[in-house]
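Reading through the C-alpha cells given below for one structure.
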Amino acid sequence: MSRVKDLLAGTGYWLGWKAICHLPESWVSWAFSTATGIAWRRQGHGVQVLEGNLLRVLGRGTSGQELRAVSRAGMRSYGRYWMEVFRLPAISKERILRDMQINTYADEALNDVAAKYAAGNGFKQVDGQLVWEGRCMKAALKEASTSQ
C-alpha cells in the first residue's frame, strides 16, 4: 500500500509543478483556499497535530474558539505557501522583488545562521518558509549585484 501512496503523492506533486503554473492565479488561489478550508473543517490528523502544537505555544488557558481561529489562520498560511511553491516558476523576478518583505524575524534568523557558520558550528534548519524566503533573498541579492 505504501508504494501506491508514494506513486499517488509523486503524481500529485508532478501535476502540481506542471499544471498549476499554467492556470490563472485566481483559480489556483481559490482551489488552495477551498482545499485548506475543507481540511481544516474536517479536523483530520494533520489539523489535530497542528492544534496540539499550537496549544503548547499559546498555553493551556487558550479557549477552543481562540485555538480554532489560530489553527484556521495557520492552515490558510500553509495552503498559500504550497500554492506559491507550485507557482514559483511562473512568478517573475520583478514580482518577487516587489512583494518581498524583510522582517526582523528573517534578519534575526539570518544573523543566527551566519554566526553559527562563522563559529564553525553545524546546524540544521528544516523550514519550508525559510526555503521560500531563501529563494526570494537569492533573487534580491542577484538583482542587487547585477544592478551595481
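The values are calculated or read from the model by the stated rules, or taken from the named source; none is laboratory data. Treat the numbers as computed from the prediction; the structure is a model and nothing was measured. Every residue, glycine among them, receives a Cβ derived from its backbone with ideal geometry; neighbour counts consider all protein chains shown.
Quick notes on this structure:
- The set of residues in the stretch 41-50 that are of a type in the set (Val, Ile, Thr) and either in contact with a helix residue (DSSP H, G or I) (Cβ under 6 Å, 6 or more places away or on another chain) or surrounded by 11 or more Cβ atoms within 10 Å (Cβ to Cβ) (or both) contains only Val47.
- Test: residue in the stretch 51-60 that is exposed (fewer than 10 other Cβ atoms within 10 Å of the Cβ), outside any helix (DSSP H, G or I) and at pLDDT 90 or above: no
- In the stretch 61-96, of all residues being in a helix (DSSP H, G or I) and among the β-branched types (Val, Ile, Thr), the one that is surrounded by the most Cβ atoms within 10 Å (Cβ to Cβ) corresponds to Ile96.
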